[in-house]
1. Could you state, as a whole-number percent, how many of the C-alpha pairs of the stretch 68-108 are farther apart than 16 Å?
2. Could you rank H108, H94, H28 by how accessible they are, 1.4 Å probe, largest area first?
Amino acid sequence: MTSILFAFVLGTRLAAAQAIAQANVAGHPRVNEVNQRLDNQQNRIDQGVANGTVTQKQAVRDETQDANIARRESVDEARHGGHLTKAEQKRLNHSENQDSKRIYRQKH
């Protein structure tokens, strides 16, 4: 059972890393802001797992949420030639805020 959970965690982490690992887009501050926040949250999750304040199960849930946000961002960008509208940025930021609060509660 542990090896199955580990494989699932590893697979989810790789998928999340690929979805989040987007280079900064010069001249597109909305895209860069969303990407930076996703990167910061990934670092917080990794730190929580490393110091034991976040369980593997919680990390998988958080990384799945971050990957979902990154997918939604990619879809929004594709519709507008690599840009995000203010409304799209607002929706993504709302989702990131909820995810950030959950990560905070888990770590404290």
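The values are calculated or read from the model by the stated rules, or taken from the named source; none is laboratory data. It should be emphasised that the depicted structure is a prediction, and the values quoted were computed from it without experimental measurement. Accessible surface areas use protein heavy atoms only, side chains included; no ligands, DNA or RNA. Shrake-Rupley method; radii C 1.70, N 1.55, O 1.52, S 1.80 Å.
1. It works out to 39 percent of all Cα pairs.
2. Accessible-area ranking of H108, H94, H28, largest first: H108, H94, H28.
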